[in-house]
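A.B. asks: There's a structure below that I have some questions on.
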Ligand code: C2E
Ligand code: MG
Ligand code: MG
């Protein structure tokens, strides 16, 4: 055994050493590096949406899941590594040598993605892993810190993958703090401006069309927020929505999104066929406002004049299982549709899906991307980065799609795939029986004006051949 662990006190739940012991072990190893040509590495492992397990199934089930996860990590690592539980659902692995770290990360991702049966529930979790090698003069805290930065990148890239730390990542991590400061300022400005003049605000909405794969017609659009920063340019919601949630500002942003999108949708053309749907993303904190949120939706619908059945609220899978039954029911009673966003990435109790009366399942784009690599990079002709997926993962994704279609049919829900980027992906989706699709293959998100131009052009084309091709 390369790393001594026998005398270290352990966490009562998992039997693994804790954060302090882990840092001490890293520090000790950095003082006596066994092979300077192949330096020690730290792997930071974090579970994806573990909170939803605790919220949805209770802490007792969550505890058992954590014990299983700890055992799987320990077994995958073997005696050469020092494994520890750093915090709630975060684990650390110390390797005396970097070689083999990527293979170990792959092994851990595989074992952690296997379903876990606990007290009659099937829990599906995935993990993200950050890998960092020690460099000369690095302290234990610094090594763990850079592994965490790599972990953050793995999570941001969609999770269920590992990322190896590289220096430029450090700069973008510093950027997060600057963004937080600017976001607070933008909101303050936005609030003030909302009272004075709405046209000065820094937020805007774009709309991405959603297509019916059978009729080849546009079903509707999803509203997606953009933050146009005066210095930094357009900032993606993936970067600032989690921040806005963390600092409690999502409610104000969400209200603005709902009002603006509903008003825009009332201007969309009506060609006599089924009316175009408007999908709006909703955050957990908005639902947690309870009856006040239902009241807000009702008020926005009445102010804008949008028919309730044209509005679809997209709720991510992790919050769809929390304690939001009453709010969801209230929304349904207004006649508004509900869609589970990023389905397949979190964990859902299937009984909740039918009980809360969801109308649609929106399949997470990671499954769609796994079906076929993205188009090659046009400048280099090489496949786009991150597309070297294992064949087994592709096959797995195709099976998951088929299972979701079956679930949709069984529960009477429509199924929509997001992130479709090429014809191969569309072909597999069609074969699997998915009913709708959205993605860059069809159209990038459009501004409010572009939607109107697009619809005029689309109606002209589709009147000839009935579709987008
Ligand atoms: P989402 O709701 O799952 O939205 C889909 C995301 O995938 C959008 O990213 C969209 O631009 C992107 N996308 C669409 N087609 C493709 C494709 O073919 N390939 C790839 N790689 N990506 C594609 P976006 O706009 O950056 O939004 C990211 C996430 O931010 C959204 O994920 C949603 O969870 C959140 N979000 C966006 N707008 C809002 C909002 O108004 N309120 C809240 N609470 N969240 C929002
Ligand atoms: Mg969405
Ligand atoms: Mg999604």
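A.B. asks: Within 27 Å of residue 218 (Cα to Cα), at pLDDT 90 or above and either within 13 Å of ligand 3 (Cβ to nearest atom) or not assigned by TED's automatic domain parsing to the domain that holds residue 261 (or both): does that describe residue 297?
C.D. replies: Judged against the criteria, residue 297 is not a match.
A.B. asks: Kindly indicate whether any position in region 138-146 is without any contact (Cβ under 8 Å) to a residue 24 or more places away in the chain, out of contact with any strand residue (DSSP E or B) (no Cβ under 6 Å at 6 or more places or on another chain), assigned by TED's automatic domain parsing to the domain that holds residue 37 and more than 26 Å from residue 239 (Cα to Cα).
C.D. replies: Within region 138-146, none of the residues are without any contact (Cβ under 8 Å) to a residue 24 or more places away in the chain, out of contact with any strand residue (DSSP E or B) (no Cβ under 6 Å at 6 or more places or on another chain), assigned by TED's automatic domain parsing to the domain that holds residue 37 and more than 26 Å from residue 239 (Cα to Cα).
A.B. asks: Still on this model: Here is a list: 55, 110. Which entry is touching a helix residue (DSSP H, G or I) at 6+ places or on another chain (Cβ under 9 Å) and free of Cβ contacts under 8 Å to residues at least 24 places away in the same chain?
C.D. replies: 110
A.B. asks: For residue 297, which of the numbered conditions (1) under 24 Å from residue 245 (Cβ atoms); (2) in a loop (DSSP other than H, G, I, E, B) fails to hold?
C.D. replies: (2)
A.B. asks: Do you know which residues across region 72-126 are in a loop (DSSP other than H, G, I, E, B) and closer than 24 Å to residue 36 by Cβ?
C.D. replies: 78, 79, 80, 81, 96, 97, 98, 99, 100
A.B. asks: Right, here's the next one. For region 388-395, indicate whether the set of residues that are buried (at least 18 other Cβ atoms within 10 Å of the Cβ), assigned to a loop (DSSP other than H, G, I, E, B) and modelled with pLDDT under 75 is non-empty.
C.D. replies: Within region 388-395, not a single residue is buried (at least 18 other Cβ atoms within 10 Å of the Cβ), assigned to a loop (DSSP other than H, G, I, E, B) and modelled with pLDDT under 75.
A.B. asks: Which condition number in (1) within 16 Å of ligand 2 (Cβ to nearest atom); (2) at pLDDT 90 or above; (3) part of a loop (DSSP other than H, G, I, E, B) is the one that residue 358 fails?
C.D. replies: Residue 358 satisfies all of (1) within 16 Å of ligand 2 (Cβ to nearest atom); (2) at pLDDT 90 or above; (3) part of a loop (DSSP other than H, G, I, E, B) except (2).
A.B. asks: Take the residues of region 331-351 that are at pLDDT below 75 and crowded, with 18+ Cβ neighbours inside 10 Å: which is nearest to ligand 3 (Cβ to nearest atom)?
C.D. replies: The residue in question is 345.
A.B. asks: What residue, among those in region 272-299 that are in contact with a helix residue (DSSP H, G or I) (Cβ under 6 Å, 6 or more places away or on another chain) and within 27 Å of residue 456 (Cα to Cα), is surrounded by the fewest Cβ atoms within 10 Å (Cβ to Cβ)?
C.D. replies: 275
A.B. asks: So which of 319, 253 ends up being within 14 Å of ligand 1 (Cβ to nearest atom), at pLDDT below 90, more than 25 Å from residue 353 (Cβ to Cβ) and crowded, with 20+ Cβ neighbours inside 10 Å?
C.D. replies: 253
A.B. asks: Looking at this structure, is residue 420 modelled with pLDDT of 90 or more, crowded, with 17+ Cβ neighbours inside 10 Å, within 22 Å of residue 284 (Cβ to Cβ) and within 21 Å of the chain's Cα centre (by Cα)?
C.D. replies: The answer is no for residue 420.
A.B. asks: Right, next: Would you say residue 375 is modelled with pLDDT under 60, part of a loop (DSSP other than H, G, I, E, B) and in the same structural domain as residue 343 (by TED's automatic domain parsing)?
C.D. replies: So residue 375 fits the description; yes.
A.B. asks: Restricting attention to region 149-167, which residues are over 15 Å from the mean Cα position of the chain (by Cα) and surrounded by fewer than 19 Cβ atoms within 10 Å (Cβ to Cβ)?
C.D. replies: The answer is 166, 167.
A.B. asks: When residue 169 is evaluated against the numbered criteria (1) in contact with a strand residue (DSSP E or B) (Cβ under 7 Å, 6 or more places away or on another chain); (2) closer than 29 Å to residue 370 by Cβ; (3) assigned to a helix (DSSP H, G or I), which criterion, by number, is the only one it fails?
C.D. replies: Here residue 169 clears every test but (1).
The values are calculated or read from the model by the stated rules, or taken from the named source; none is laboratory data. Keep in mind that what you see is a predicted model, and the values were worked out from it rather than measured. Please note: Cβ atoms are built from the backbone with ideal geometry, for glycine as well, and neighbour counts cover all protein chains shown.
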